1. Could you tell me the center-to-center distance, by alpha carbons, between the range 219-252 and the range 1-17 in angstrom?
2. Go through the range 143-153 residue by residue and turn each phi into a ³J(HN,Hα) via Karplus (6.51, -1.76, 1.60, θ = phi - 60°); whole Hz please, and just put x for glycine and proline.
3. Using a cut-off of 13 Å between beta-carbons, work out the net charge of the residues near THR143 (Lys and Arg +1, Asp and Glu -1, THR143 not included).
4. Under a GNM of the chain (C-alpha, springs under 10 Å), which listed residue has the highest mean-square fluctuation: HIS138, HIS285, HIS81?
5. How charged is the neighbourhood of GLU222? Take every other residue with its Cβ under 12 Å from the Cβ of GLU222, and add Lys/Arg as +1 and Asp/Glu as -1.
6. With θ set to phi - 60°, apply the Karplus curve 6.51 cos²θ - 1.76 cosθ + 1.60 along the range 126-139 and write out the HN-Hα couplings as whole Hz, x wherever there is a Gly or Pro.
7. With an 8 Å cut-off on Cα pairs and a minimum separation of 6 or more residues, tell me the relative contact order of the range 6-231 in percent.
8. For the range 42-53, what does the Karplus curve 6.51 cos²θ - 1.76 cosθ + 1.60, with θ = phi - 60°, yield as ³J(HN,Hα) per residue in whole Hz, taken in order and with x for Gly and Pro?
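Every number in this text was worked out from the coordinates using simple rules, so none of it is lab data. Since the model is a prediction, treat every value here as computed from it, not as a measurement. Virtual Cβ from ideal backbone geometry, glycine too; neighbours counted across all protein chains shown.
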Amino acid sequence: MKKVKGLIVATFAAYKSDGSINFDLIPAITEYMVQQKVKGIFICGTNGEGPSLSTEERMQVAEAYMKAVRGRLLVFVHVGHSSVKEARRLAAHAESMGADYISAVSAFYFKPNTVKNLIDSMAEIASAAPNTPFYYYHIPNITGIQVDMIEFLELAEEYVPTFAGIKYTASTINEYQACLHYKGGKYDILFGYDELLLPALAVGAQGAIGSTYNYAARLYIEVMNLFEQRKIKEAEQLHFHAVEMVQLIVKYGPIPTQRSIMKKIGLDLGDPRLPLQSLDAESEHRLYEDLTASGFLELVNGL
């Protein structure tokens, strides 16, 4: 199986003032990502507020992105849902649209209670798209599903014919490295913690999916280039700028903060859906002051 190398952007949801999906903005988002020279996009995931969208809306978003991408980017469609039946509908639709990959988190209300139970759920979802590679979306801080991922790989290999790998969004670098080495690197383990990209590269990462790549892809691509050239000190110093930026995100709130940053670069995504809320005017002003003081966006744009 050909593995994904480079950065995949987890795109944000875009809304109109009435709360409906802003499909008109999707071509502009896509063009911006093409210009950033990333490898692909991951849609309707955490940043895309997939759990807050109806199944029909998620299908329409997938269709809009496929139309805008026109083969220029890899497209991962997140199909995870608390209803396995709805996840299967999304998976079948993604395959019919020609998505390159599908991915799914575990059900997060009624949660699987064993690794085998989790695998059975993923196998059921993946079987609805029998010709599309499937990635499990491991994000335990959100789903509450914390399982042994080596055991997961052993069972996925047996029960999920289309299994391609894991979107590994956890800070456990040791387990991530173990997954990379499973059976000589049989599966594609894409890293999902942006602020730990450099440590992940050090243990063998080649591909990553993340949110801050929406506006800072140039910085991370340069970090990857410097690492490949064995310019480790330079890579570390540049990576630290990303760490400082992520500290701002933590300070103000992850998704609302990043949506405000997207507005700052010219892509106003509107207000997110409840229970998420946009930053208030005062917080957004302070965020912009902090960004200006750090010089982060100027640094990114100058690379």
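1. 19 Å
2. 7, x, 8, 10, 10, 6, 6, 6, 4, 4, 4
3. Net local charge, THR143 excluded: +2.
4. HIS285
5. My count for the surroundings of GLU222 gives +1.
6. Once θ is set to phi - 60°, the couplings for the range 126-139 become 4, 5, 6, 10, x, 10, 10, x, 10, 10, 6, 9, 8, 9 Hz.
7. 19 percent
8. Here the 3J(HN,Hα) series is 10, 10, 6, x, 4, 5, x, 6, x, x, 8, 9 Hz.
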